[in-house]
Amino acid sequence: MTTLITPETSEEERARPGIAARLLVPGFWAALSIVTMWLAVLFDGVYGGNMIFTGTDGSVANIPSAVVLGLFAVIGTSAIAKRAFGRRDAG
């Protein structure tokens, strides 16, 4: 006669969340999107071009495109951080 013996798992092992539970946290995706925005600004600053504006009097303004992209990254970062990491009232 054969008996089937199963290994017992402790309560701590069952209660510990797996990788799927950690990836579904909204803070993870918010942080990932913020990092991605700033990496885009970094790569645009390194490899991107400049915006050249010429005035009617012949003056030339040369602005890196990362400045404008950084402005939008600041706006996006503040919006995502406020939504994902802001305080939630318990009421």
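The values are calculated or read from the model by the stated rules, or taken from the named source; none is laboratory data. Fair warning: this is a prediction, and the values are worked out from it, not measured in the lab. Cβ: placed from backbone, ideal geometry, glycine included. Neighbour counts: every protein chain shown.
Structural remarks
- Flag for I34 being of a type in the set (V, I, T) and either at pLDDT below 95 or surrounded by fewer than 13 Cβ atoms within 10 Å (Cβ to Cβ) (or both): no
- W29 vs. criteria among the hydrophobic types (A, V, I, L, M, F, W, C), at pLDDT 85 or above and touching a helix residue (DSSP H, G or I) at 6+ places or on another chain (Cβ under 7 Å): no
Residue-wise test of (1) aliphatic (A, V, I, L, M); (2) more than 12 Å from the chain's Cα centre (by Cα).
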residue	(1), (2)
G18	no, yes
W29	no, no
S33	no, no
M37	yes, no
D57	no, yes
L71	yes, yes
A81	yes, no
G86	no, yes
